[in-house]
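**Student:** My questions will all concern the structure given below.
The values are calculated or read from the model by the stated rules, or taken from the named source; none is laboratory data. Treat the numbers as computed from the prediction; the structure is a model and nothing was measured. So basically every Cβ, Gly included, is an ideal-geometry build from the backbone, and we count neighbours across all protein chains shown. Keep in mind that these areas ignore ligands, DNA and RNA; they rest on the heavy atoms of the full protein, side chains included. Shrake-Rupley method; radii C 1.70, N 1.55, O 1.52, S 1.80 Å.
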Amino acid sequence: MENLAPTVGLNLRRLRTKRGLSMDRLSVASGVSRGMLGQIELGKSVPTINVLWKIARALNVTFSALIQTPAAGGSTILRGADAKLLSSKDGRFTSRALFPFHEPRRMEFYLLGFAHGTVENAPPHPPGTVENLVVHDGAIEIEVDDQVHRLKAGDAIQFAADVKHTYRNCQELAATAYLVMTYAHEVG
């Protein structure tokens, strides 16, 4: 994940300055400390998934806009060995992007991993964001607007993700799921 630090740092600085935001203003808007923003911009720290979501929300960009790398054009192969894997602070929740990051988009595709006991609280995404998730292995619970949905392998759910939502793996085994996020407007 350390090779992701420079990419996130450059993207954060580019997006922040493009919007005319000081670090102080972005800190207030995102709830992320100015010091942490500075470390991220310098490429000295790779933030957790939750921190990236807070920053993306404050900048009104997609999550992928912060972790994108320039593409060479033509076909793009995303090698598993070279995957950019983001994780929660405790490492129990992981997210791997399954799409290239070279342009603004309305859709993102992820492979999610949930270790036993994972509880991942996701902040609300921009208005109009929809998540489509299918459980590949294991079983998870998703809480959306205080309603809990229990899903096992093969089950799918679609929900408005512009509200707080929580993923939980209450099973003894790890779980994996595929997530497609669609945004109301192209951002990035």
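**Student:** Simple spin-label model, 7 Å along Cα-to-Cβ: Leu10 to Val148 in nm?
**Tutor:** Those two pseudo-labels are separated by 4.5 nm.
**Student:** Under 13 Å from the Cβ of Leu37, count the other residues' Cβ atoms, weight Lys and Arg +1, Asp and Glu -1, and hand me the total.
**Tutor:** Net local charge, Leu37 excluded: +4.
**Student:** Take the solvent-accessible surface of the protein heavy atoms, probe 1.4 Å, and return the percent of it on region 1-66 that carbon and sulfur atoms account for.
**Tutor:** 51 percent
**Student:** Any chance you could count the Lys pairs in the chain whose alpha carbons are under 28 Å apart, treating pairs 8 or more apart or on different chains as valid?
**Tutor:** Close lysine pairs under the 28 Å cut-off: 15.
**Student:** So, for the chain, what is the accessible surface per residue at a probe of 1.4 Å, expressed in square angstrom?
**Tutor:** On a per-residue basis, 51 Å².
**Student:** Also, I was wondering about something else. Bin width 10 Å, alpha-carbon pairs only: give the P(r) of the chain as whole percents, running from 0 to the bin holding the largest distance.
**Tutor:** Going from the shortest bin to the longest, the percentages are 9, 37, 37, 15, 1.
**Student:** Divide by every residue of the chain the summed helix terms, -39500 (n - 2.57) for each DSSP H run of at least 4, and state the resulting mean residue ellipticity at 222 nm, rounded to the nearest 500 deg cm²/dmol.
**Tutor:** Roughly -7000 deg cm²/dmol at 222 nm, from the helical runs in the chain.
**Student:** Further, regarding this structure: Grab the other residues whose beta carbon is less than 13 angstrom from that of Val163, score K and R as +1, D and E as -1, and report the net.
**Tutor:** -3
**Student:** Oh, and also: Per-residue counts of other Cβ atoms within 10 Å, averaged by peptide: what ranking do you get for 15-28, 86-99, highest first?
**Tutor:** Ranking the peptides 15-28, 86-99 by packing returns 86-99, 15-28.
**Student:** In addition: How big is the gap, in Å, between the Cα center of region 151-165 and the Cα center of region 8-56?
**Tutor:** Using only Cα atoms to place each centre, the spacing works out to 28 Å.
**Student:** Here's something else I'd like to know. Just order 155-168, 40-53 by mean Cβ neighbour count inside 10 Å, highest at the front, would you?
**Tutor:** 40-53, 155-168
**Student:** Could you tell me the calculated FRET efficiency between Ser33 and Val119, based on Cβ-Cβ distance and R0 = 25 angstrom, to the nearest 0.05?
**Tutor:** According to the calculation, E is roughly 0.60.
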